[in-house]
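For reference, the structure is listed below as structure tokens.
The values are calculated or read from the model by the stated rules, or taken from the named source; none is laboratory data. None of the values given here were measured: they were computed from a predicted structure. Every residue, glycine as well, gets a Cβ built from its backbone with ideal geometry; the counts of neighbours run over all protein chains shown. Side chains included, ligands, DNA and RNA excluded: accessible areas come from the protein's heavy atoms. Shrake-Rupley method; radii C 1.70, N 1.55, O 1.52, S 1.80 Å.
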Amino acid sequence: MYNYVIKKILFSFLTLLIVVTLVFFMLRAIPGGPFTREKPLPEATRERLEEAYGLNEPLFKQYLIYMGNLFTGDLGPSFRKPAYSVNELLATGIPQTAKVGLIAVILIVILGIPLGVISALKANTSIDYGVMILATVGITVPSFVIGSLFILLAQNVAWIPVGGLTKPISYLGPVVALGGYSLAFVARLTRSSMLEVLRQDYIRTARAKGLSEYKVIFKHALKNSLIPVVTYIGPMIAALMTGSFVVERIFVINGIGKYFTESIGARDYTLVIGVTLFYAIFYIIMVLLVDVAYSLIDPRIRLSK
Amino acid sequence: MSEYILEVKNLRTSFFTHLGEVQAVRDISYKLKKGGILGIVGESGSGKSVSSLSIIRLVDSPGKIVHGEINFDGIDLTKISTKKMQDLRGSEIAMIFQDPMTSLNPVYTIKNQLIEVIMKHVRITKEQALEEAKKIKDLERQKKAIKRIENGITRRINKKEALERAIYYLKLVGIPEPETRIKEYPHQFSGGMRQRALVAMALSCEPKLIIADEPTTALDVTIQAQILDLLKKIKKELDTTIIFITHDLGVIAELCDDVIVMYGGMIMEKGSVNDIFYRPQHPYTKGLHQSIPKDVVGQKKRLVPIAGSPPDLLNPPKGCPFNPRCRYAMEICLEKPAPLFAISNTQSSACWLQDENAPDVEGFKKSGGVLSE
């Protein structure tokens, strides 16, 4: 397994290199630039700005300079927020996003999986129907609707702020809007997986051994039924921890989800690459963790090649 | 205690589906002597599996025991609590299932799954417990410990002892190098090895009764033969009672002492293995024999299948379930299921041809009377 992990890590550097290169050249290929305005800047000003940021150099030279800086860990200055470097922006944005994301992930795991299990054990009862109706609502209603509804309701309640992350309670709205879909999805996935596993022969064997129902469910059924759930949760964590533009916009959170979308519109080349790089690294780590988790849960999967 | 380990009386088990009640087992009764192998034979849907799953109360929902008694060693299994039933499952009544490929949990080692059942049920013997008690230094405490043991309370087996026991049984069922193989996962075992492991699991708590539900059906022929040999050896060495469910008459002939032939959720005929093979008295049993290929060199003979198909248990035919396919069917067969007529003191047949008023048909002898049970 260690060989597998080391190999994967080495390969992921190559992946990151390709990601950065692609994004670098594709961004430059889009019409417009960081200093294009609706009302054009005076020619001289624009040239001075471009010179200051090195944008007057030949493209390939720009790339080499950028990559050189990148290897020292310098993601360059932000073109549109001149007071900050990209490193600084990420350093302030990531914690905001990650806090909301992490709370959502924890809630999904500690609520979604048990709800799914309960639903499966009480299949076709009113409890099951109740959970599944909620889950269907969670899956079908998009986050901006949940977010807007929350604000609509919360603006009449004095102790719930409708924006920012100033108080613990202010996390409620963003977490629900961000995690609602995944929570519902995990509950449904766990339920169907659990029902499938409960029909398996080895569950009958476990019962025939005289094990208590508790042991049959939580030892023999749960571990097997979590395999598909883990597949979903890995990328889900990556998606939630990297934030959502919509949710951050609605709840006025200065997270990287917001930076990302804004930076693309503004052609803030360095910030786009910086955020993309962070996303890519996070995804790679999560996929690797899913692989490792897989091999821990299911002995039939061996991590070696 | 009676000489019978198991007495099933008027058992009915039905599945309550949205289409209606599917009567899988319709009023069957039999007794099982200690130490023998009883074969239950029948085609798919004859109720053979459901009747035996009823014994350990593991009929899948929406199935339910509707009526009847199952007396096991003096206890009516239909009346006891779930908790008590769980204590009996695995320890007193063990089960071996059809498909070894799916009957072991893929995410736990063989060791884990074997030890689990042993640690749940097995306590150390009185002798072992007394031996241990003697080592207690404090005389006062030693006395107390011995008193407890005399009252029949001994401690549960610990993990190390359970492992020893697990390895012992794996060796008994013929797993090579059990000390190392026990640490492996089911997917590292072949089909035959898995079935051996499952047999070891069933044996590990020294049950009084083992129910084997088509344990060889999913295996190829050579492995089948090995598993059958293993079961014979076990019966000889451990003196357990076995119920062997199969649709394969050849296996029955090889292994069993007594046979029950089931059809449409009812018992058609029962008797010793010789009765059923040499003196079958029920048209269905005869039909089964005619549909088995017999290896007579140089002789070309057509197989005679039983025409028709098994009854729909949602709407079972009135009277004998076999009547639509029976060439001897009489008026009464369409009206009333036949009781079990005693043919000898070992054999009985649920067929109206045995009645004293029935016409003589070649090959069937008249019975001595209706069995009381």
- With heavy atoms of protein chains only and a 1.4 Å probe, what residues of the range A:205-227 have at least 30 Å² less accessible area in the full set of chains than alone? A:205, A:207, A:208, A:209, A:210, A:211, A:219, A:220, A:223, A:224
- Task: Please give, to one decimal in nm, the separation of the simple spin-label points placed at residue A:64 and residue A:1, each 7 Å out from Cα toward the Cβ.
- Result: 4.5
- Would you work out which of A:103, A:187, A:117 lies farthest towards the positive end of the dipole of the range A:86-297, given +1 charges on the beta-carbon of Lys and Arg and -1 on that of Asp and Glu, about the Cα centre? A:117
- Task: Could you tell me the distance between the Cα centroids of the range B:83-129 and the range B:27-57, to the nearest Å?
- Result: 22
- Query: When we measure straight from the Cα of residue B:294, which lysines land under 26 angstrom away, once same-chain ones fewer than 8 places off are left out?
  - Reply: B:48, B:232, B:270, B:286, B:365
- Task: Determine the relative contact order of the range A:100-205: mean sequence separation of Cα pairs under 8 Å and six or more apart, normalised by residue count, in whole percent.
- Result: 45
- Item | the range A:160-201: trypsin sites (Lys or Arg not before Pro) in DSSP loop, at most 16 other beta carbons within 10 Å | A:199
- Query: Is there a simple number for the mean count of other chain Cβ atoms within 10 Å of the Cβ of residues in B:91-97, and what is it?
  - Reply: 3
- trypsin sites (Lys or Arg not before Pro) within the range B:231-302: which are DSSP loop residues with at most 14 other Cβ atoms inside 10 Å? B:294, B:300, B:301, B:302
- Note on the structure: Expressed in Å to one decimal, the Kirkwood Rh of the range B:216-356 from all distinct alpha-carbon pairs is 16.8
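Ignoring any ligand, DNA or RNA, what whole percent of the accessible area of the protein assembly as shown comes from carbon and sulfur when the probe is 1.4 angstrom? Walk me through the numbers on the way to the answer.
On the way: 20450 of 34290 Å².
Of all accessible area on the protein assembly as shown, carbon and sulfur atoms account for 60 percent.
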- Query: For the protein assembly as shown, rounded, prolate or oblate, judged on the Cα gyration tensor with a ≥ b ≥ c (square roots of eigenvalues), a/c < 1.5 rounded, else prolate if a/b > b/c?
  - Reply: prolate
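Tally Lys and Arg at +1 and Asp and Glu at -1 over the other residues with C-beta under 13 Å from the C-beta of residue B:237: what net charge comes out?
Result for the neighbourhood of residue B:237: +2.
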- Provide the net charge surrounding residue A:248, with neighbours chosen by a C-beta distance below 13 Å and charges set as Lys +1, Arg +1, Asp -1, Glu -1. +2
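If the chain between residue B:76 and residue B:327 were fully stretched, how many nm would it gain, using 0.36 nm times the residue separation less the Cα-Cα distance?
On the way: separation 251, 0.36 × 251 = 90.36 nm, distance 3.97 nm.
Taking residue B:76 through residue B:327 to full extension adds about 86.4 nm, to one decimal.
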- Task: Quick one: net charge around residue A:200, please, counting Lys, Arg +1 and Asp, Glu -1 for every other residue with C-beta under 13 Å from its C-beta.
- Result: 0
- Item | Whole-number percent relative contact order across the range B:40-149, with pairs defined as alpha carbons under 8 Å at least 6 apart | 14
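Other chains' Cβ within 10 Å of A:195-203 residues: what's the mean?
Values: counts 0, 0, 1, 0, 1, 4, 9, 10, 2.
Across A:195-203, the average partner-chain Cβ count within 10 Å equals 3.
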- Charge dipole magnitude, Cβ of K and R +1, D and E -1 - the protein assembly as shown, Cα centre, debye nearest 20: 1300
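Can you tell me what share of the DSSP beta bridges in chain B is antiparallel? A percent to the nearest 5 is fine. Intermediate results must be reported in sequence, preceding the final value.
Values: 34 of 53 bridges.
Roughly 65 percent of the beta bridges in chain B run antiparallel, per DSSP.
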- Note on the structure: Rounded to a whole number, the mean other protein chain Cβ count within 10 angstrom for residues of B:106-118 is 4
- Out of the DSSP beta bridges found with both residues in the protein assembly as shown, what percent are antiparallel (nearest 5)? 65
- Message: Nearest 500 deg cm²/dmol is fine: what mean residue ellipticity at 222 nm does chain A get from its DSSP H runs of n ≥ 4 alone, each adding -39,500 (n - 2.57), divided by its residue count?
- Response: -22500 deg cm²/dmol
- Using a 10 Å cut-off on Cβ atoms, rank the peptides B:38-44, B:130-136 from the highest mean neighbour count down. B:38-44, B:130-136
- Message: I'd like to compare B:78-88, B:165-175: which one has the highest average count of other Cβ atoms within 10 Å, and what's the full order after that?
- Response: B:165-175, B:78-88
- Message: If I model a spin label as a point 7 Å beyond the Cα along the Cα-Cβ vector, how far apart are those points for residue B:171 and residue B:21 in nm?
- Response: 5.3
